[in-house]
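To start, the structure under review is shown below, and the notes come after it.
The values are calculated or read from the model by the stated rules, or taken from the named source; none is laboratory data. As the structure is a prediction and not an experimental result, all values here were calculated from the model. Quick reminder, even Gly has a Cβ in these numbers, built from the backbone with ideal geometry, and neighbours come from all protein chains shown.
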Amino acid sequence: MSLLVLTSGFVLVVGQVFGVPLGLAFVETGSMSPTMEPGDGFVALPPALLGGVDEGDVVTFDAQNIENGRLTTHRVVDETPEGYITRGDANPFTDQQSNEPPVPRDRVVAEAVQVGGTVVVIPNLGDAVSAVRGAFAAVGDPFGLSVNQVVAFVLVALLAAYLLDESGAAGEKRTDRSTRRADGFSGLLFVVGAVALVVMMATLSMTAASGAMAVPYDSVDPGAAGQGGIPAGTTANASIELRNGGVVPMTAVLDSPSQNAALATERVSLGPRGNRSVNLSITAPPSTGSYEVTVERRQYLAVLPAGVLAELSAVNHWLAVLAVDLLLALVVSLVGVRLVGLGRVRLRPTRSLPLEVGFVRWLRSLYRS
């Protein structure tokens, strides 16, 4: 059970680090009634794990205008070239009729798991989560830490305490070694699992943040320019928004295949949870009408120099992804081998609360140092 708790905690922490939603979420309003009532929870996964977003899916997206610009969970009711059309099940109108622009793929941060077309709902999860978040907020506020930072610290501390406690037990005498030889878990499998999880999350984060961005515009008669649009035959500036949902810095490599568009820069650094605007110059064609330009965006975890990532990306997007994954796999492997080794890590059956005992010992070691 302790190992299961630690593994679950590790999954949640890795998801927070790379900005890949993985785990549970809950709704705070009644806009999704009767599918989900306020406080009900649901299983949230990256859309890439569920085959992408389709009409009828319930998604959590980064709202621009509704819900005070917070994360919003609504159902996709249609798809347009500009993005998804969304609506709360209890609402008589779409979000786009409430001044919310169509939701592009890069602003969809999670998708609710459905079984047989029905969302898997966990009743009253929000009440429990709110109580726990309040406790973590009370702990983190004096130190300027967010709730997520406090949660991550506690989970990492528990993991470190557990591993240190088990490592320290290796030197103790065991009178029942011959009868308890099968107790414990494989260090090799633990390391392989950690590597697989980190690589999977890293790949998902880079894949979800990459893709083509369509920038629609109107080429208008010069006399009607005051009503919006770009006067035919002239050049105007637009901007595209880039975001990094994780705490690991990212490098964005941009390219516009459209001949009438030019980017101010083709390489952008994004800090933890950071957003950046990039200027895009668009020259409207002589003929009036509605058009769009395309910007190819490829984002990578900035574990390699930006120049190296740009060169690899120019050859092939997946080559750059592979290079990042290999480096992360090497680092996680070295750390895992150092912490638990590759042999069998034995658990002591005489300790019914290894997590709690390990954490207390870890805290004591801090005071002694």
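Listed here are the residues, each with its yes/no results for (1) modelled with pLDDT under 90; (2) outside the structural domain of M213 (by TED's automatic domain parsing); (3) in contact with a Ser or Thr (Cβ under 8 Å, 6 or more places away or on another chain).
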position: G274; (1), (2), (3): yes, no, no
position: N279; (1), (2), (3): no, no, yes
position: P285; (1), (2), (3): no, no, yes
position: T294; (1), (2), (3): yes, no, yes
position: R298; (1), (2), (3): no, no, yes
position: G307; (1), (2), (3): no, no, no
position: A320; (1), (2), (3): no, no, yes
position: A323; (1), (2), (3): no, no, no
position: L326; (1), (2), (3): no, no, no
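Right, A262: more than 25 Å from V103 (Cα to Cα), among the hydrophobic types (A, V, I, L, M, F, W, C) and surrounded by 14 or more Cβ atoms within 10 Å (Cβ to Cβ) or not?
Values: more than 25 Å from V103 (Cα to Cα): no; among the hydrophobic types (A, V, I, L, M, F, W, C): yes; surrounded by 14 or more Cβ atoms within 10 Å (Cβ to Cβ): yes.
So A262 does not fit the description; no.
Restricting to segment 102-129, give me the number of residues that are in a loop (DSSP other than H, G, I, E, B) and within 22 Å of the chain's Cα centre (by Cα).
Residues of segment 102-129 that are in a loop (DSSP other than H, G, I, E, B), as a first pass: 102, 104, 113, 116-117, 120, 123-124.
Those still in the list that are within 22 Å of the chain's Cα centre (by Cα) too: 102, 104, 113, 120.
So the answer is 4.
Within segment 285-303, restricting attention to residues that are in contact with a helix residue (DSSP H, G or I) (Cβ under 9 Å, 6 or more places away or on another chain) and hydrophobic (A, V, I, L, M, F, W, C), the residue that is nearest to A209 (Cα to Cα) is L301.
The criterion of being at pLDDT below 80, in contact with a helix residue (DSSP H, G or I) (Cβ under 9 Å, 6 or more places away or on another chain) and in a loop (DSSP other than H, G, I, E, B) does not hold for G233. If we keep just the residues of segment 197-217 that are hydroxyl-bearing (S, T, Y) and closer than 15 Å to L322 by Cα, which is surrounded by the most Cβ atoms within 10 Å (Cβ to Cβ)? Across segment 197-217, the extreme among qualifying residues is S205.
Look at (1) within 33 Å of the chain's Cα centre (by Cα); (2) crowded, with 19+ Cβ neighbours inside 10 Å; (3) assigned by TED's automatic domain parsing to the domain that holds S313 and you find that A194 fails only one, number (3).
On the basis of being modelled with pLDDT under 90 and surrounded by fewer than 17 Cβ atoms within 10 Å (Cβ to Cβ), does P92 make the cut?
On the way: modelled with pLDDT under 90: yes; surrounded by fewer than 17 Cβ atoms within 10 Å (Cβ to Cβ): yes.
Yes, satisfied.
Within segment 40-64, the set of residues being touching a strand residue (DSSP E or B) at 6+ places or on another chain (Cβ under 8 Å), part of a loop (DSSP other than H, G, I, E, B) and at pLDDT 85 or above comprises D40, V53, D54, E55, G56, D57, A63.
When segment 271-315 is filtered for residues that are outside any strand (DSSP E or B) and aliphatic (A, V, I, L, M), the ones remaining, listed by number, are A284, A302, V303, L304, A306, V308, L309, A310, L312, A314, V315.
Taken together, the residues in segment 65-106 that are of a type in the set (G, A, S), in contact with a strand residue (DSSP E or B) (Cβ under 9 Å, 6 or more places away or on another chain) and on the phi < 0 side of the Ramachandran plot amount to 1. Return the residues of segment 49-61 that are crowded, with 18+ Cβ neighbours inside 10 Å and not β-branched (V, I, T); say none if nothing qualifies. Scanning segment 49-61 gives D57, F61.
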